[in-house]
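The values are calculated or read from the model by the stated rules, or taken from the named source; none is laboratory data. This one's a predicted model, so the numbers in the text were calculated from it and none came from an experiment. Cβ coordinates were reconstructed from backbone atoms using ideal geometry, including for glycine residues, and neighbour counts include every protein chain displayed.
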Amino acid sequence: MNPQVIVGQAAFVNPVLAASGTFEFGLKFPSVSNRLGGVVTKAITLQPRVGNPPPRIFEFPGGILNSVGLENPGVERFCADVVPRTAKLRCRVVVNIAGFTVEEYGELAARLDSESVDALEVNVSCPNVKEGGALFGQQPQVVESITALVRKRTTKTIIVKLTANFVDPVETAKAAEAAGADGVTLINTLFGLVLDGDGRPFLGGRTGGVSGPALKPFALFCVDRVAAAVKIPIIGCGGVMDAADALDFLSAGARMVQVGTANLVNPEATLEVWAGLKAYAQKNRLSNWDQIVGRARRQS
Amino acid sequence: MKPTRCKVTDARELCAGVYSMWLEAPDIARRVRPGQFLNVKVSSGLDPLLRRPISVCDVERNRVRLVFRVVGRGTAQLSRARVGDELDVMGPLGRPALELRGEEVLFCGGGIGAAPLLFLARRLKQANRLEILLGARTKAELLLVKEFRALGARVAIATDDGSAGFHGMVTELAEEEAKSQKPKAKSQSAGRWLAVSGERPAVFACGPRPMLADLVKRLDPIPVWGFVEERMGCGTGICYCCALPKKGGGHVRFCEEGPVVRLNEVVL
């Protein structure tokens, strides 16, 4: 079978991506990156950011919370220092961009338009910043304005990464689609709070984003719902730990999957997911992914 | 980097809540250098999910030794591993501690902090003069004293309750030791970080945060290189979760830039 997946103008050799913030820029493990559909970079902002104070991570039975707070070198240094190296990767490179105003998304898109990257993932869902982030992603009109502005400023493939925090992603996914998005990623981490036992917030950023296995049922629910409402490709994300999880996301209607938290446990987790998917496709003699994408709805 | 499976060849409790474990790991034993750590999966399933970073305490032929204290669910589970069990291990990770030659090197370990210093001391003993200070709350909690003595270095002990050695904190001992050192010509320092003081011993420390902060204050302006402990996500530099604030702003990712960092430059 041909395992390729096309989103906008970007052709991914297989449906497995490393999720933003969990694989840095794909450069630490190039032999892994090179065998994936693509890597999504850490979020890039216009200005450099030092991120949140520690602690930035907490583990609970079911997953983790993080509050990194978009630590990144800023778009200029990213273009100067990182892009020349990611351009040498054999996989597609998707740059996750995060703005603190609607206009900033436009500036980021324009700045990256001439760079050798393959797609932009518009992050309207970061839970760990005080302005922008998930607050934008909760408002369909704002998602629409941001997507429309990014569309105007770049010819690159646009994927909008949506939040499911206090919003129906069906509404925001439709808004993104209407404004010209080529695909949507869902879901980003969910809001979470951890206390230290003495009543004080544990994480340095006070609250965090929940990820890992605990997220999967809700993420699948969201993918299933949104798949019935939009035509653009969905990239499923949330608790993909192995190939069986990835298969569930495809069955629920996603065309691709992102592996996130699992990379922290095993930097080769994405490869294991891809190997498992490939084995499934071979065993079941699939001729293309369409045979299984969204089958959960067809079978209900 | 692929995780590898390592067989436990020895497992014992050293004192209440502190465990020693030897793992058969030829590849790691060959490559690991002092300062580096292993990231150990303590369960085969999804809970606990993350690996636990543990500094290498010693190396012997094709085996590596981990000495750790039980601080939570993960380390509690690890402490239940038995001889013959296999652990899923990643490593060696982190940046090796700098190599030294012809220096006077002071080691200051508090509690479980003695563990990573042993491997470093073993590697540095041939080309340097070592002074080893070990502290604990009480005599029963002193760790690895025999191993340090076997290196042939001078070992001084401090306990909070006076049950062994100096009655007081190990940082007090370190302060006295540093003051008693004879000034040494700048040109003789081999390590470039010594240029700051230029005339003092190199200091390596590991222990609880308050101890490290106290040591830095007492020895100022002598630079102190410390093994830092903090919650870690990936251990490989990809998640940015193990951030330590730098005094001038920004963070050190100590899974990658550490775990041995210059303590004078970070906020403890």
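In region A:274-283, is there at least one residue being in a strand (DSSP E or B), closer than 25 Å to B:Pro48 by Cβ and at pLDDT 95 or above? No, because not a single residue in region A:274-283 is in a strand (DSSP E or B), closer than 25 Å to B:Pro48 by Cβ and at pLDDT 95 or above.
State all residues of region A:235-253 that are in contact (Cβ under 8 Å) with a residue 60 or more places away in the chain and either more than 14 Å from chain B (Cβ to nearest Cβ) or of a type in the set (Val, Ile, Thr) (or both); if no residue qualifies, say none. Once the filter is applied, which keeps residues that are in contact (Cβ under 8 Å) with a residue 60 or more places away in the chain and either more than 14 Å from chain B (Cβ to nearest Cβ) or of a type in the set (Val, Ile, Thr) (or both), region A:235-253 yields A:Ile235, A:Cys237, A:Ala246, A:Leu250. Condition test on A:Gly199, is it over 25 Å from A:Glu144 (Cα atoms) and either within 12 Å of another protein chain (Cβ to nearest Cβ) or in a strand (DSSP E or B) (or both)? Taking the combined requirement at face value, the residue does not satisfy it. Just so you know, in region A:269-282 the residues that are farther than 11 Å from A:Ala18 by Cβ and of a type outside the set (A, V, I, L, M, F, W, C) include one that is farthest from the other protein chains (Cβ to nearest Cβ), and it is A:Gln282.
Inspection of region B:56-78 identifies at least one residue that is among the acidic types (Asp, Glu), surrounded by fewer than 17 Cβ atoms within 10 Å (Cβ to Cβ) and modelled with pLDDT of 95 or more. One residue stands out in region A:34-82 among those that are farther than 24 Å from A:Ser114 by Cα and among the polar types (S, T, N, Q): the one that is surrounded by the most Cβ atoms within 10 Å (Cβ to Cβ), namely A:Asn66.
Scanning region B:243-267 for residues that are assigned to a loop (DSSP other than H, G, I, E, B), surrounded by 20 or more Cβ atoms within 10 Å (Cβ to Cβ) and more than 11 Å from chain A (Cβ to nearest Cβ) yields B:Gly258, B:Pro259.
Check region A:25-32 and report whether any residue there is surrounded by 24 or more Cβ atoms within 10 Å (Cβ to Cβ), more than 11 Å from chain B (Cβ to nearest Cβ) and of a type outside the set (Ser, Thr, Tyr). No: zero hits. Would you call B:Leu130 crowded, with 22+ Cβ neighbours inside 10 Å, free of Cβ contacts under 8 Å to residues at least 60 places away in the same chain and in a helix (DSSP H, G or I)? So B:Leu130 does not fit the description; no.
From the list A:Gly212, A:Gly260, A:Gly204, which residue is touching a strand residue (DSSP E or B) at 6+ places or on another chain (Cβ under 9 Å), buried (at least 17 other Cβ atoms within 10 Å of the Cβ) and farther than 23 Å from A:Ile159 by Cβ? Result of the check over A:Gly212, A:Gly260, A:Gly204: A:Gly204.
For region B:186-202, does any single residue satisfy the condition of being part of a loop (DSSP other than H, G, I, E, B), modelled with pLDDT of 95 or more and surrounded by fewer than 16 Cβ atoms within 10 Å (Cβ to Cβ)? Looking through region B:186-202, none of the residues is part of a loop (DSSP other than H, G, I, E, B), modelled with pLDDT of 95 or more and surrounded by fewer than 16 Cβ atoms within 10 Å (Cβ to Cβ). Given the condition on the phi > 0 side of the Ramachandran plot and within 14 Å of chain A (Cβ to nearest Cβ), answer yes or no: does some residue in region B:230-239 qualify? Scanning region B:230-239, I find at least one residue that is on the phi > 0 side of the Ramachandran plot and within 14 Å of chain A (Cβ to nearest Cβ), so the answer is yes.
Table: residues versus (1) farther than 23 Å from A:Ala181 by Cβ; (2) within 12 Å of another protein chain (Cβ to nearest Cβ); (3) in a loop (DSSP other than H, G, I, E, B); (4) touching a helix residue (DSSP H, G or I) at 6+ places or on another chain (Cβ under 7 Å).
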residue: A:Gly69; (1), (2), (3), (4): yes, yes, yes, no
residue: A:Arg85; (1), (2), (3), (4): yes, no, no, no
residue: A:Ser116; (1), (2), (3), (4): no, no, yes, yes
residue: A:Glu121; (1), (2), (3), (4): no, no, no, no
residue: A:Ser125; (1), (2), (3), (4): no, no, yes, yes
residue: A:Gly132; (1), (2), (3), (4): no, no, yes, no
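Looking for something assigned to a loop (DSSP other than H, G, I, E, B) and closer than 25 Å to B:Ala243 by Cα - is there at least one such residue anywhere in region B:82-89? Within region B:82-89, not a single residue is assigned to a loop (DSSP other than H, G, I, E, B) and closer than 25 Å to B:Ala243 by Cα.
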